[in-house]
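Chemist: I'd like to ask you about the structure that follows.
The values are calculated or read from the model by the stated rules, or taken from the named source; none is laboratory data. Just so it is clear, the model here is predicted, and its values are computed rather than measured. Neighbour counts are summed over all protein chains in view; Cβ atoms, including those assigned to glycine, are modelled from backbone coordinates with ideal geometry. Ligands, DNA and RNA are excluded from the accessible area calculation, which covers all protein heavy atoms including side chains. Shrake-Rupley method; radii C 1.70, N 1.55, O 1.52, S 1.80 Å.
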Amino acid sequence: MKQLMSKKIGLIFIAIQFLLTIGIIGILLYVDMLPNKYLLVIVLGLIFVLLYTFFSQMSKRLYILGRVLSGVFCVMMIFAGGYILRGYMAINNMANSNIRYDKLSAIVLVDDKAQTINDAIDYEYGIISAIGREHTDAMIDSIQKDSGKTLAINEYNDIMSLVDALYNKEVGVIIFNEAYRETIIENRKGFDTETRVLGNYQVETVVEVEEEEDKTDDLKKPFVMYLSGIDTRGSISLTSRSDVNILAVINPETAQILLINTPRDYYVPLSISNGTCDKLTHAGIYGIDVSIETLEMLYDVDIDHYVRVNFSGFEKVVNALGGVDVYSDVSFTSDWGPSFSKGYNHVDGKQALAFCRERHHFSDGDRQRGRNHQHMIAAILDKATSPKIITKYSSLLKSLEDSFETNMKTKRITKYVKLQMDEGLKWKINSMSVDGKGGSNYTYSIPSQKAYVMYPDEASIENAKKAIQKILDGKKLKSEEDSGINKEQ
């Protein structure tokens, strides 16, 4: 009886191990991140252990060892399966964040007696007359429906005219998209402390920037990706200005990446402005699709994918990597405290953000900030493609879950991971920035007053177009065609 029960217990162990083995192999095949050579080794190893533990139950000497080994491998497979699925879901969440949130606020002066929108229901309300009107009207309709009253509305041409109306007490409440807040603060430093939010309204929109499926599934085909850094913390899906605007032209066949920085104040027509120029950063106020379309117009190129990250997400990723070694062209102390020496600096997330945000202490301002962005991207890629990253895998995936969003499909991302692991590509990163001349002019977003802008240098744009085409054609860039970074990764 004891021998019979002992064999039954052993068979239960084997049955569980068999099911987990089938499950882990299925998971590996589904996520499709491991190169075949590694997958084959793992599958053969799992089968070998399964056969060993099975036949060990036929032995009077080895059956206890077999059960222990079976139990250990069962636990390992459970943890490994959860680990792999968590990673896949993190990538999937990042790749399916196609919802844009516009947060609208009702604002009064800080000393106003109203504490809620209901308290201010009989006030005069100010709104922007045209830009973003559909969202504003949605908030007005909601307020009117909840209160049963019709609001008294005054319309203004742009955000600063609207803010001036509040300060001049032409209206008691203004309604605007929170994406404008940083622009307002640039013009009225005390806006945050001089006003209060009575209430918010959120509008959800599906972002219509779709990746076209490559029917050939050619992972070596070159593509263009837009890297957008927005100037907010919190939800990555919240509409905001885009202060970082970098095109990454990637050719997996030649293992080349060209990073092209476009200054935030570049004075260009937006895709929605009917030829009227605006700062490039303002394109982000109207959605990632407008930023993409505007850059496509500027460089005469199709952008295949985008990646969007905000301040808090950027910090998380750098910390998850265990910090990065970033190159600084000059020594400087940032407005946020950290100091950097010329040469390589090891930075954590907070320091990395200070490095990327600084522009006031540079003689060429935003141009140098753009170069620092490119240095930081190179540093992150260097760390992320290192074999040592496996020790940071869990924390890195956790940081990606709510820090990035992209329109690249999940399966395509995992296949690029597989390609990198399989071939161990040594990426060569080149970088360049388009140039321009500073000036002052009216913009599409704020037509009532002049703002600092950068007038594009057409020669630098043409050079960038030629460099883009060379990377797409699989040609090597000459040394004079890049600036700053030219480093093996």
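Chemist: Any idea of the accessible area per residue across the chain, 1.4 Å probe, to the nearest Å²? Please report the intermediate quantities before stating the final value.
Modeler: Details: 23380 Å² over 489 residues.
That works out to 48 Å² per residue.
Chemist: Continuing with the same structure: Ranking request for peptides 108-120, 313-325: highest mean number of other beta-carbon atoms within 10 Å first, then the rest in descending order. Mind dumping the intermediate values first?
Modeler: Numbers: 108-120: 14.7, 313-325: 20.9.
Most protected by this proxy first, the peptides run 313-325, 108-120.
Chemist: Need one value: the accessible area of ILE22 in square angstrom, 1.4 angstrom probe, rounded to the nearest 10.
Modeler: Answer for ILE22: close to 90 Å² accessible.
Chemist: Of THR21, TYR38, VAL68, which is farthest on the positive side of the dipole of segment 5-120, counting Cα position, with +1 on Lys and Arg Cβ, -1 on Asp and Glu Cβ, and the Cα centre as origin?
Modeler: In segment 5-120, that residue is VAL68.
Chemist: Quick one: Karplus J couplings for segment 272-284, per residue in order, coefficients 6.51, -1.76, 1.60, θ = phi - 60°, nearest Hz, x for Gly and Pro?
Modeler: 10, 9, 6, x, 6, 7, 8, 5, 4, 4, 5, 4, x
Chemist: In debye, nearest 20: dipole of the chain around its Cα centre with unit charges on the Cβ of K, R (+) and D, E (-)? Working shown, then result.
Modeler: Numbers: 55 positive and 63 negative charges, 703 e Å.
Value, rounded to 20: 3380 debye.
Chemist: Still on this model: First compute the accessible area of segment 283-322 with a 1.4 Å probe, then give the percent of it belonging to carbon and sulfur atoms. Mind dumping the intermediate values first?
Modeler: Values: 530 of 1190 Å².
Carbon with sulfur: 45 percent of the solvent-accessible area.
Chemist: Determine how many Å³ per residue the convex hull of the Cα atoms of segment 45-182 encloses.
Modeler: Working: hull volume 28.5 nm³, N = 138.
That works out to 206 Å³ per residue.
Chemist: Taking H placed 1.01 Å from N in the peptide plane, check which residues at least 5 places from ASN310 or on another chain put their amide H under 5 Å from its amide H.
Modeler: Distant-sequence amide H within range of ASN310: ILE230.
Chemist: Dipole of segment 247-302, Cα-centred, from +1 at each Lys and Arg C-beta and -1 at each Asp and Glu C-beta, to the nearest 20 debye?
Modeler: Numbers: 2 positive and 8 negative charges, 51 e Å.
My answer is approximately 240 debye.
Chemist: How large is the convex hull of the Cα atoms of segment 232-357 per residue, expressed in Å³ as a whole number? Display every interim value, and only then the final one.
Modeler: Working: hull volume 16.8 nm³, N = 126.
That works out to 133 Å³ per residue.
Chemist: May I ask for log10 I(q)/I(0) of segment 295-351 at q = 0.26, 0.30 Å⁻¹, from a Debye sum over the Cα atoms as equal point scatterers with solvent left out?
Modeler: -1.00, -1.19
Chemist: Eigenvalues of the Cα gyration tensor times 5, then square-rooted: what semi-axes does that give for segment 1-120, in whole angstrom, largest first? Walk me through the numbers on the way to the answer.
Modeler: Values: eigenvalues 628, 80, 17 Å².
Taking √(5λ) for each eigenvalue gives 56, 20, 9 Å, largest first.
Chemist: While we're here: Ordering ARG412, ARG100 by accessible area with a probe of 1.4 Å, largest first, what comes out?
Modeler: Numbers: ARG412 25, ARG100 45 Å².
Ranking ARG412, ARG100 by accessible area, largest first, yields ARG100, ARG412.
Chemist: To continue, here is another question. Might you work out the accessible area of ILE468 for me, using a 1.4 Å probe with all protein chains in place, and round it to the nearest 10 Å²?
Modeler: 10
Chemist: In 10 Å bins starting at 0, how do the alpha-carbon pair distances of the chain split up by percent?
Modeler: Using 10 Å bins, I get a P(r) of 4, 17, 24, 22, 15, 10, 6, 3, 1, 0 for the chain.
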